[in-house]
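Undergrad: Input: one structure, supplied below.
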Amino acid sequence: MSGLDFTARRENGRVRPKGYAGWRPQAKTRVVLDQVGTVLEEYEEHLPLSVRQIFYRLVAAFDYEKTERAYNRLSEALVRARRARLIPFDHIRDDGVVHSLPSWYAGVEAFWNTMVGEARGYRRNRQLGQTYVVELWSEAAGMVPQLARVAHRYSVDVFSAGGFASLTAVRLIAERALERPKPTVLLHVGDYDPSGESIFASLAADAGAFVEADRLINTLRIVPVRVALTMEQVEAYELPTAPPKTSDSRSSGWAGETCQLEALAPDDLAAIVTAAIEEWFNLDRLADQVEIEREERTQLLRALPAGGTTS
């Protein structure tokens, strides 16, 4: 069996490096990379960022060229910069990989160490005692980790609905809503364009129809809430816009420009999502759950072997 060749290969007339690869960027590119470093430092609390988020921050802060060609140049530069160890890999998010993480241990002691770690990070469902159950939906799957950093503080699950959600996905929304003795609120973030709004409206209406048909309690329902992007937010944050795509059949009924969600700064998006979640929460009840959580975390740690070992 022959081994793999990990040397650089020529693809489409260009040499494509493999693994780590030294790189001496041109002066103009070094300036852009310095600007990227500024963006990554500014939004350190929201890392990793997507390439498109970085692109829009450069456009807003450094007057970077807002064209698809410039975006592609930036994407290529960021690939080379990470291979050259100029930018940490975990600062930039690349999407498209689906993985499964099984659980296994090196032994009993490793198991108990893991359990101690779980106990220290114990989180109670902070939606207990609330009038509604809140879910957060994102048009882009790549935004889920960043949104989860905000939503999980409230025990709000985050889902993605790229394209028009499948019937199975819609049915699962309805089934979760039917299992709860209270209304389900669907918060949604997506692009400000015909597809972004249609995706959410279609998903919520479809799931709501299933709930209405199958519910045994009249109070069970789905409450759809568009969180971002909205026309008001595009104007308030002075976000870059573009004409609607002529290839989108829904564009014929769309008035005005469009804007991508990733044009919104990560901290602004986090603040908008936080406010949207808290609008549906009783904050006093939330504080009660946090206090109970602290007490239960202490109970769990006392019940485990000291230091996480069996000795």
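Undergrad: Can you name every residue in segment 179-204 that is touching a residue at least 12 places away in the same chain (Cβ under 8 Å), over 20 Å from Ile277 (Cβ atoms) and surrounded by fewer than 19 Cβ atoms within 10 Å (Cβ to Cβ)?
TA: Within segment 179-204, Pro181, Pro194, Ser198, Ala201, Ser202 meet the criteria.
Undergrad: In this structure, does Tyr132 turn out to be of a type in the set (Phe, Trp, Tyr), over 25 Å from Ala174 (Cα atoms) and out of contact with any Gly (no Cβ under 9 Å at 6 or more places or on another chain)?
TA: no
Undergrad: State whether one or more residues within segment 131-146 are out of contact with any His (no Cβ under 7 Å at 6 or more places or on another chain), modelled with pLDDT of 95 or more and surrounded by fewer than 14 Cβ atoms within 10 Å (Cβ to Cβ).
TA: Scanning segment 131-146, I find at least one residue that is out of contact with any His (no Cβ under 7 Å at 6 or more places or on another chain), modelled with pLDDT of 95 or more and surrounded by fewer than 14 Cβ atoms within 10 Å (Cβ to Cβ), so the answer is yes.
Undergrad: Checking Leu78 against (1) assigned to a helix (DSSP H, G or I); (2) farther than 25 Å from Asp267 by Cα; (3) in contact with a helix residue (DSSP H, G or I) (Cβ under 9 Å, 6 or more places away or on another chain), only one condition comes out false. Which one?
TA: Every listed condition holds for Leu78 apart from (2).
Undergrad: Right, another one. In segment 111-136, what residues are part of a strand (DSSP E or B) and in contact with a helix residue (DSSP H, G or I) (Cβ under 7 Å, 6 or more places away or on another chain)?
TA: As a first pass, look at segment 111-136 and keep what is part of a strand (DSSP E or B): 133-136.
Those that are part of a strand (DSSP E or B) and in contact with a helix residue (DSSP H, G or I) (Cβ under 7 Å, 6 or more places away or on another chain): Val134, Leu136.
Undergrad: Okay, next question. Mind listing whichever residues of segment 147-181 are of a type outside the set (A, V, I, L, M, F, W, C), under 26 Å from Ala270 (Cβ atoms) and at pLDDT 90 or above?
TA: Arg149, His152, Arg153, Tyr154, Ser155, Asp157, Arg176
Undergrad: For Glu197, which of the numbered conditions (1) within 24 Å of Met143 (Cα to Cα); (2) at pLDDT 85 or above fails to hold?
TA: For Glu197, the failing item is (2).
Undergrad: Counting only residues that are in a helix (DSSP H, G or I) and either under 17 Å from Val185 (Cα atoms) or of a type in the set (A, V, I, L, M) (or both), how many does segment 278-302 have? Even if it seems obvious, please write down each step before you answer.
TA: Looking only at segment 278-302, we keep the residues that are in a helix (DSSP H, G or I), and these are 278, 283-302.
After this cut, where a residue has to be either under 17 Å from Val185 (Cα atoms) or of a type in the set (A, V, I, L, M) (or both) as well, the list is 278, 283, 286-287, 290, 292, 300-301.
Of the residues in that region, 8 qualify.
The values are calculated or read from the model by the stated rules, or taken from the named source; none is laboratory data. Just so we're clear, the structure is a prediction, and the values are computed from it rather than from any experiment. FYI the Cβ positions are ideal-geometry reconstructions off the backbone, even for glycines, and counts take in every protein chain you see.
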